[in-house]
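So the structure is just underneath, and the comments pick up after that.
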Amino acid sequence: MADYHSPTIVQPTIPNADMTALERLLLTHIFESEPDGDGLYFFAETSPNTQFELPLETIRAALADSENVLGEAIAFVRGQLKDASEDDEYVDLDLSQTSFEFIFQGIVKRSATLDHVSIVTSFTCTKMRPDGFGGMAVLVTADAIKGKGTEDILGDFLDEAEHGPLAAAPGFGVHVLLRLVEAKVRAQIAQIIEADEMLTPIAAGAVTGADIRAGCLVAVERTNLAEEQDSAVFKAALAAIREAEQRLAPAR
């Protein structure tokens, strides 16, 4: 018999102050954990637990302590308790039909120190089964949960091998003309402040990464490159026509 495992690590350490009593209760039963400074390092040596049993009173106490804090954990647990009766001493919590990432997202949304949580999982098997090995990485931010597994990566490689670096059939690729790079914005800030002493009393070093991110989002929202895009499309169309003419021209 083959046993399939999913050892998992969560980074960075989750501050105790950022977790509600309910989130801490759930995460310490989904994962193993170790104290790390003022927080907990979560991991699973074998696999995260997606089903576990807890005393009903323990769950209700954690719910009561977390009532005033926004988070999907409360809605999830309430849904799990809807069929519980007053005679039940224990309740089974089942995450097999959902995903624990939403708990971390609730934490990131409220945290003053975390802007993301990463979850890396290795798929292993006690026998050398072809479907028993691989992995997945998940990035959790306040706005999104994104993951990619080794099968997805291999699929990307196959697309690239078939269609080239654009990973799309010719005529259906996407070409990036402009990127707003935050590191270049930071360098520009220093130059602007140095060039105009009357612009601001603050030093360039006082502008944080969060300030730069917010500034980039504002610039993207307020910038309309439709005219430049139309021009690029037109130039590309002309260049494509010239390429076709040269390809179809009779050899001399």
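Each reported figure results from applying straightforward, stated rules to the coordinates on display, with no laboratory input. Everything quoted here is computed from the prediction, not taken from an experiment. Cβ sites come from the backbone with ideal geometry, for glycine too, and all protein chains shown count toward neighbours.
Aspartates and glutamates within cross-link reach of K235: Cα-Cα under 19 Å, excluding same-chain residues under 8 positions apart?
List returned: E227, E243, E245.
Karplus couplings for region 242-248 from phi (6.51 cos²θ - 1.76 cosθ + 1.60, θ = phi - 60°), rounded to Hz, Gly and Pro as x?
5, 4, 5, 4, 5, 5, 8
If you build a Gaussian network model of the chain, linking Cα atoms that sit under 10 Å apart, which residue out of V108, V120, V185 swings the most?
Comparing V108, V120, V185 in the GNM, the peak value goes to V185.
For region 135-252, with equal point scatterers placed on the C-alpha atoms only and solvent neglected, what are the log10 I(q)/I(0) values from the Debye formula at q = 0.11, 0.16, 0.17 1/Å, to two decimals?
-0.74, -1.08, -1.11
For C125 paired with S85, estimate the spin-label separation in nm (one decimal), with each label point 7 Å from Cα along the Cα-to-Cβ line.
Distance between label points: 4.3 nm.
In nm, to one decimal, how far is the T141 label point from the E57 one, both placed 7 Å along Cα→Cβ?
Here the modelled spin labels are 4.5 nm apart.
Going by amide H atoms built from the backbone, whose H comes under 5 Å of the H on G39, apart from near neighbours?
Excluding prolines and chain starts, which carry no amide H, the hits are N16.
If you build a Gaussian network model of the chain, linking Cα atoms that sit under 10 Å apart, which residue out of Q80, Q51, Q188 swings the most?
Q188
For region 163-235 and region 75-132, what is the separation of their C-alpha centers, rounded to whole Å?
The two parts, judged by their Cα centres, are 37 Å apart.
Report ³J(HN,Hα) in whole Hz for each residue of region 108-118, in order, from the Karplus equation J = 6.51 cos²θ - 1.76 cosθ + 1.60 where θ = phi - 60°; Gly and Pro get x.
Whole-Hz 3J(HN,Hα) from phi for region 108-118: 4, 4, 8, 5, 8, 10, 9, 10, 6, 9, 10.
Compute the signed sum of charges (Lys and Arg +1, Asp and Glu -1) over the other residues within less than 11 Å, Cβ to Cβ, of A137.
+1
Highest mean first, what order results for 234-247, 129-142 on Cβ atoms within 10 Å?
129-142, 234-247
Would you mind telling me which residue in I30, I119, I202 has the biggest mean-square fluctuation in a Gaussian network model of the chain, where springs connect alpha carbons within a distance under 10 angstrom?
The residue that fluctuates most here is I202.
For a bin width of 10 Å, list the pair-distance distribution of the chain built from all Cα-Cα distances, rounded to whole %.
Final binned percentages: 6, 18, 22, 21, 17, 11, 4, 1, 0, 0.
Convert each backbone phi in region 229-236 into a coupling constant with the Karplus relation 6.51 cos²θ - 1.76 cosθ + 1.60 (shift: θ = phi - 60°), then list the ³J(HN,Hα) values in order as whole Hz, x for Gly and Pro.
Values, residue by residue: 5, 4, 5, 5, 4, 5, 5, 5 Hz.
Please state, rounded to one decimal and in Å, the Kirkwood hydrodynamic radius that region 182-248 gives when every pair of distinct Cα atoms enters the mean of 1/r.
Across region 182-248, the inverse of the average 1/r is 15.3 Å.
A214 to H5: extension gain in nm, 0.36 nm per residue of separation minus the Cα-Cα distance?
Length gained between A214 and H5: 71.2 nm.
With a 10 Å Cβ neighbour count serving as the proxy for reagent exposure, in which order, fewest first, do L26, L56 appear?
L56, L26
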